[in-house]
1. Which value in nm describes the separation of the simple spin-label points at K166 and D20, placed 7 Å from the Cα toward the beta carbon?
2. So how much slack lies between K106 and L7, counting 0.36 nm per residue of separation and subtracting their Cα-Cα distance, in nm?
3. What nm distance separates the two modelled labels at E89 and A128, each placed 7 Å from Cα along Cα→Cβ?
4. Using a Förster radius of 22 Å, what is the FRET efficiency between C139 and E235 based on their Cβ-Cβ separation? Nearest 0.05, please.
5. What's log10 of I(q)/I(0) for the range 4-240 at q = 0.08, 0.11, 0.12, 0.17 Å⁻¹, Debye sum over Cα points only, no solvent?
6. Between D219 and R150, with labels modelled 7 Å along Cα→Cβ, what's the label distance in nm to one decimal, could you check?
7. Name the lysines eligible as straight-distance cross-link partners of K173: C-alpha to C-alpha under 23 Å, and not fewer than 8 places from it in the same chain.
8. Place the peptides 85-91, 58-64, 106-112 in order of packing, highest mean first, counting for every residue the other Cβ atoms within 10 Å and averaging per peptide.
Amino acid sequence: MVSWELLLGDCLEGMAALPDGSVDHVITDPPYSEAVHSGRDAHRGLSGGRLVSVPSFGFAHLSDAVREEAARQFARLARRWVIIFSDAESTHLWRDSCEAAGLQFKRTGVWDKIVVMPQISGDRPGVAVEMINIFHAPCAGKSRWNGGGRPGIWRCSPQDAAQGAKRVHPTQKPDGLMGALVADFTDRGDLVLDPFGGSGATGVAAIRAGRRFIGWERDPVFHAAAVARLRAAREQLSLFAQPEAP
C-alpha cells in the first residue's frame, strides 16, 4: 500500500515533531526570494502592445530565518537526498544554509523550462531556468541515485504543470518534472517529504511511483486542492494495481 499524508499547518512546527532520520528524502519547492516576489507583485508592462498586469503569487517570499530552520530540519530528518528548488539568485543561500546544517552539497541542477514567459518590461532577458539544489545526508563512500552519469538538467515546459487540467497553484511544477526527480533520486517504498506542499506535485509523483509521502501546506485553499489531487492519484493507482500473487 502507498500511504500519504498532507497536513494543514506550519511545516517548521510539523517537522520539529518528527523523529531524527524519519524520512528517506526531501523533495520540495519552497517560496522563492524577495526579489522574485517583488518583481511579480503588481508588475505592469507591455506585452504584444498590450498593457498587462502580473498578479501576486498570493504568499510571502522565503525569509532567511525560515530557510535556515528548514535546512536544519532537512539535515536532521533525511537519510538520503535533499532536493530543493530555488531561483538562481538564491542557490548560494541554500548551499550556505544546508552545509551549515550538516548536509553534503552534491550539485546544482537545472530545470530548463523550454517555453517561458517573455520579460514583460523588455529591459532584460526573461528567466529561462530554475535551479534544483541537490544535497545528501552525511554518508561514508559514494552517494547513489538512479540517473547514472546523466547531467543534472531536467527539461519540461511549465505549460505541462497540470497535464491539461486546471492549475491549482501559481508556482505549480509540472507532473512530468516531479515524476522524473522522484524516479531519479528515490526507490520504491521510500518515504518522501515535501514541507512546502503547494499543489501536491511532489506527493502525486511519489504516489504514482510507489513511494510513500508526507507533507505540509499552510494555506487552506491550496491544501484542499492538493489533497484532492493526492486522493485522485491514490485512487488511480488502486484502480490499475495488479493483484498480488497468492
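1. 4.7 nm
2. 32.7 nm
3. So the label points at E89 and A128 sit 1.9 nm apart.
4. 0.05
5. -0.29, -0.55, -0.66, -1.36
6. 3.0 nm
7. K106, K113
8. On the way: 85-91: 18.9, 58-64: 14.4, 106-112: 16.7.
Top of the packing list down: 85-91, 106-112, 58-64.
Any read-out appearing in this document is the output of simple, stated calculations on the displayed coordinates, not a laboratory observation. Quick caveat: nothing in here was measured; it's all calculated off a predicted structure. Using ideal geometry, Cβ is built from the backbone for each residue, glycine included, and neighbour counts are taken over all protein chains shown.
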